[in-house]
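Everything below concerns the one structure shown next.
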Amino acid sequence: MNIPTIAKVIGFDKLKRNFKQFKDKRQLLKDYDGFLADLRVYKMLPELLGKEFYARKKYPCPVKLHGFENAKGLEDQLNQAASSSSFMLGNGPNYSVRVGKTFQKEKEIGQNTIQALAQALAFATVHDEISFDAVCQISMRVGSSPELPVYNHFEQADLVASMLE
């Protein structure tokens, strides 16, 4: 199989046995950019991985790893999951999606942004029952830089008030 983005596979039992201590889990977190997890063990991972993974928002991405007719289907599934971004709804009114890495070309990041924005808005409007009119701002940020607004929604009263100033 040709899966260039996957560096290491750790079985559930080995994860349970070799990463018991907090420092081991923290080192695992530091060593890898992202994590994929089989759907069959995904719900058991929060207890096993600990709060550090979830506090740093490095959630494992659930992937179906069984039931493929051939190895090509599994390879495609893993490559797609490894190159995807995940979107987790938070408890508050702000949502965040990573759409690129600094080594990517501008065109790739632009395409990723368009796709991620469409998917995130569709997800939030359907699952959280948020109307698109309730979206107040969409902004972009690189690393720890300040946010740059790319969309702002103003009510008619706000527009009139700003013109009077």
Filter the helices (runs of 4 or more DSSP H) completely within region 1-55 down to those with at least 3 residues that are more than 17 Å from the chain's Cα centre (by Cα), in the same structural domain as K101 (by TED's automatic domain parsing) and of a type in the set (D, E, K, R).
none
For region 26-63, give me each residue that is at pLDDT 85 or above and loosely packed, with under 15 Cβ neighbours inside 10 Å.
Q27, K30, D31, L39, R40, K43, M44, P46, E47, L48
Among the numbered conditions (1) modelled with pLDDT of 75 or more; (2) part of a helix (DSSP H, G or I); (3) not basic (K, R), tell me where P146 comes up short.
(2)
Kindly indicate whether any position in region 121-129 is outside the structural domain of D33 (by TED's automatic domain parsing), modelled with pLDDT under 80 and assigned to a loop (DSSP other than H, G, I, E, B).
yes
Failed item, numbered, when Q111 is tested on (1) closer than 18 Å to Y59 by Cβ; (2) not in a loop (DSSP other than H, G, I, E, B)
(1)
Count of region 11-51 residues which are under 22 Å from S84 (Cα atoms) and acidic (D, E):
3
Report whether or not L36 is under 27 Å from R141 (Cα atoms), touching a helix residue (DSSP H, G or I) at 6+ places or on another chain (Cβ under 8 Å) and in contact (Cβ under 8 Å) with a residue 12 or more places away in the chain.
yes
Residues satisfying the stated conditions in region 64-76, i.e. surrounded by 11 or more Cβ atoms within 10 Å (Cβ to Cβ) and either touching a strand residue (DSSP E or B) at 6+ places or on another chain (Cβ under 6 Å) or not in a loop (DSSP other than H, G, I, E, B) (or both):
L65, K72, G73, L74, E75, D76
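The values are calculated or read from the model by the stated rules, or taken from the named source; none is laboratory data. All of these numbers come straight from a predicted model, not from anything done at the bench. In this analysis, Cβ positions are derived from the backbone assuming ideal geometry, glycine residues included, and neighbour counts consider all displayed protein chains.
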